[in-house]
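These notes concern the structure reproduced below.
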Amino acid sequence: MQYLSTRGHPERRRFCEILLEGLAPDGGLYLPERYPRIDEVTLARWRTLAYADLAFEILSLYIDDIPADDLRALCRKTYRAEVFGSAAIAPLRGLESGVYLEGLSNGPTLAFKDMAMQLLGNLFEYELARRGEALNILGATSGDTGSAAEYAMRGKKGVRVFMLSPDGRMSPFQKAQMFSLQDANIHNLAVRGVFDDCQDIVKAVSADAAFKRKYRIGTVNSINWARLMAQVVYYFAGYIQATRSNAERVSFSVPSGNFGNVCAGHVARMMGLPIERLVVATNENDVLDEFFRTGVYRVRASADTHETSSPSMDISKASNFERFVFDLLGRDGARTQSLFGAQLMAQGRFDLSADPVFAQAAQRYGFVSGKSTHAERLATIRDTFSRFGVMIDTHTADGLKVGREHLKPGTPMIVLETALPIKFAQTIVEALGREPERPAGFEGIESLPRRVQVIDADADRVKAYIAEHCA
């Protein structure tokens, strides 16, 4: 399997080469040259597999430069009950008729990011040991990626983590999870700004080829293909649990700000998984909803990015969106480069509304969208707890609210759970008048000593910090 850049760079690379990279040399994102197609016989066989073995089967279609026995061992080391709380790993729970929640938040940091990050940590350690090298990971988080990455990488040989987060923009629990870590290889930098400022810094540092090479900079954000690839697995797992035969179709509703979670669903659909609709659920920061309704992709300035009660989606520049647009444009790298590399930078927007390909977003690729506001997510949390005795977090509430708007008779709607409610306790108390359950091991986490440095939104300042701590 060879990988290419969304912006047309002629070089093709193998999986283990892009595993330790961030962006492609031309600033594009890596994708496989083709999506493997799954036939009905294979999908039927996969119905009997444990999650770890399902992961091996799917990942081995994309990874052919790690020996099969090693890859299988890495999957089994990652996806086990001791890490994710149960053998099901991603259990499905029914709500009302035809509506399900897929539990993706049972890992070490109580968020769906663990589903990929735990594997990524093991892949990094394996490949770095094989090469006898070290890696400095630079990442940006709006809340859950940071803690998932840090918990996956803490203590890993040959790995340092430099994680950028927007100062004051995460929930108290999210901040405590990250900043309380005292491991020497973990560095937290709180950036004066919003998530998009953090993400821009990661891209700017990654675009400096000389610095990236000198300091061996890699990334764990969903611009890293390996992370997105790992997320494809739970779409297959959800489908298998919700259906009895391959003749059935399902839809998925996905809370999404950076488009990585739902982009994994796009990949699963391209592989042949019988997905009817991919529902993109946003909060008040509705740049993705606006595109799927109008064909206009319009990023917002920092001052226009709302601070909401589903803060992990307070994003106005959806990095992974480029991967889908590349496919939407028939994999035209030159045009993707024009839209994302030139037009977006100069004008802050592009418009595909008059292009015939825009209609294909829904007709061919199954995308629909909607948004949820603070009042609506409170109402969804109350309704779900009142009717089903199930407490959900704010982002999952966004997914449930928007998913219900796109129900189709006879087609199950699987809503991807994104985090446990404790991570957003203040809003849960506002909605229900009670504190969410706190899992064992997280008692008093907010009062632990913190290790974090606040810095300006300046790529050069981040480079200097990395250089200083890699000396």
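Considering only region 86-107, I want to know if a residue exists there that is free of Cβ contacts under 8 Å to residues at least 12 places away in the same chain, assigned to a loop (DSSP other than H, G, I, E, B) and assigned by TED's automatic domain parsing to the domain that holds Met413.
Step one: of region 86-107, the residues free of Cβ contacts under 8 Å to residues at least 12 places away in the same chain are 94, 97.
With the extra rule that they be assigned to a loop (DSSP other than H, G, I, E, B), the set shrinks to 97.
If we keep only those that are assigned by TED's automatic domain parsing to the domain that holds Met413 as well, we get 97.
Yes: region 86-107 contains one or more residues that are free of Cβ contacts under 8 Å to residues at least 12 places away in the same chain, assigned to a loop (DSSP other than H, G, I, E, B) and assigned by TED's automatic domain parsing to the domain that holds Met413.
One line per residue, one yes/no per condition, for (1) farther than 29 Å from Tyr35 by Cβ; (2) assigned to a loop (DSSP other than H, G, I, E, B); (3) of a type in the set (A, V, I, L, M, F, W, C):
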| position | (1), (2), (3) |
| --- | --- |
| Glu290 | no, no, no |
| Arg293 | no, no, no |
| Tyr297 | no, no, no |
| Glu307 | yes, yes, no |
| Ser312 | no, no, no |
| Ile315 | no, yes, yes |
| Arg323 | no, no, no |
| Phe326 | no, no, yes |
| Gly330 | no, yes, no |
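Would you check if Tyr126 is among the aromatic types (Phe, Trp, Tyr) and outside any loop (DSSP other than H, G, I, E, B)? Explain how you work it out, then say what you get.
Numbers: among the aromatic types (Phe, Trp, Tyr): yes; outside any loop (DSSP other than H, G, I, E, B): yes.
Criteria met by Tyr126.
Does region 69-87 include one or more residues that are in contact with a Phe, Trp or Tyr (Cβ under 9 Å, 6 or more places away or on another chain) and exposed (fewer than 14 other Cβ atoms within 10 Å of the Cβ)?
So far as region 69-87 goes, yes, one or more of its residues are in contact with a Phe, Trp or Tyr (Cβ under 9 Å, 6 or more places away or on another chain) and exposed (fewer than 14 other Cβ atoms within 10 Å of the Cβ).
What's the number of the condition Asn122 fails, among (1) more than 27 Å from Arg438 (Cα to Cα); (2) out of contact with any Leu (no Cβ under 7 Å at 6 or more places or on another chain)?
The one condition Asn122 does not meet is (2).
Consider Ala90 carefully, then state whether it is out of contact with any helix residue (DSSP H, G or I) (no Cβ under 8 Å at 6 or more places or on another chain), farther than 23 Å from Ile217 by Cβ and surrounded by 14 or more Cβ atoms within 10 Å (Cβ to Cβ).
no
Conditions tested, residue by residue: (1) among the hydrophobic types (A, V, I, L, M, F, W, C); (2) closer than 23 Å to Met413 by Cβ; (3) surrounded by fewer than 17 Cβ atoms within 10 Å (Cβ to Cβ).
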{"site": "Ser302", "(1), (2), (3)": "no, no, yes"}
{"site": "His306", "(1), (2), (3)": "no, no, yes"}
{"site": "Asn320", "(1), (2), (3)": "no, yes, no"}
{"site": "Phe324", "(1), (2), (3)": "yes, yes, no"}
{"site": "Ser338", "(1), (2), (3)": "no, no, yes"}
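Hand me the list of helices (runs of 4 or more DSSP H) wholly inside region 371-471 holding 1 or more residues that are among the hydrophobic types (A, V, I, L, M, F, W, C) and within 27 Å of Val233 (Cα to Cα).
The qualifying helices (runs of 4 or more DSSP H) are 394-404.
I'd like to check something: does region 349-357 contain any residue that is crowded, with 21+ Cβ neighbours inside 10 Å, touching a residue at least 60 places away in the same chain (Cβ under 8 Å) and not assigned by TED's automatic domain parsing to the domain that holds Asp144?
For region 349-357, residues crowded, with 21+ Cβ neighbours inside 10 Å, touching a residue at least 60 places away in the same chain (Cβ under 8 Å) and not assigned by TED's automatic domain parsing to the domain that holds Asp144: absent.
Of the residues Val194, Val161, Val205, Val233, which is over 20 Å from the mean Cα position of the chain (by Cα) and of a type in the set (A, V, I, L, M, F, W, C)?
Exactly one of Val194, Val161, Val205, Val233 is over 20 Å from the mean Cα position of the chain (by Cα) and of a type in the set (A, V, I, L, M, F, W, C), namely Val205.
When you go through Ala50, Ala44, Ala81 one by one, which is the residue that is touching a helix residue (DSSP H, G or I) at 6+ places or on another chain (Cβ under 9 Å) and either assigned by TED's automatic domain parsing to the domain that holds Val267 or of a type outside the set (Ser, Thr, Tyr) (or both)? Give the steps one after another, and end with the answer.
Details: Ala44 fails: touching a helix residue (DSSP H, G or I) at 6+ places or on another chain (Cβ under 9 Å); Ala81 fails: touching a helix residue (DSSP H, G or I) at 6+ places or on another chain (Cβ under 9 Å).
Only one candidate qualifies: Ala50.
What's the number of the only condition in (1) among the polar types (S, T, N, Q); (2) buried (at least 21 other Cβ atoms within 10 Å of the Cβ); (3) touching a residue at least 40 places away in the same chain (Cβ under 8 Å) that Asn285 fails to meet?
Going through the list (1) among the polar types (S, T, N, Q); (2) buried (at least 21 other Cβ atoms within 10 Å of the Cβ); (3) touching a residue at least 40 places away in the same chain (Cβ under 8 Å), Asn285 breaks only (3).
Please find, within region 221-249, the residue that is nearest to Thr6 (Cα to Cα) out of those that are of a type in the set (A, V, I, L, M) and not in a helix (DSSP H, G or I).
Let us first name the residues in region 221-249 that are of a type in the set (A, V, I, L, M), namely 223, 226, 228-230, 232-233, 237, 240, 242, 247.
Now drop any that are not not in a helix (DSSP H, G or I), which leaves 223, 247.
On the way: Ile223: 11, Ala247: 33 Å.
Residue satisfying both the conditions and the ranking: Ile223.
Please count how many residues of region 17-62 are within 30 Å of Ser338 (Cα to Cα) and either over 20 Å from the mean Cα position of the chain (by Cα) or not in a helix (DSSP H, G or I) (or both).
Residues of region 17-62 that are within 30 Å of Ser338 (Cα to Cα), as a first pass: 17-37, 62.
Now narrow it down to the ones that are either over 20 Å from the mean Cα position of the chain (by Cα) or not in a helix (DSSP H, G or I) (or both): 17, 20-37, 62.
Going through region 17-62 one residue at a time, the tally reaches 20.
The values are calculated or read from the model by the stated rules, or taken from the named source; none is laboratory data. Here the structure is a predicted model, which means the values were calculated and not measured. Here Cβ is always computed from backbone atoms with ideal geometry, including for glycine, and neighbour counts include all displayed protein chains.
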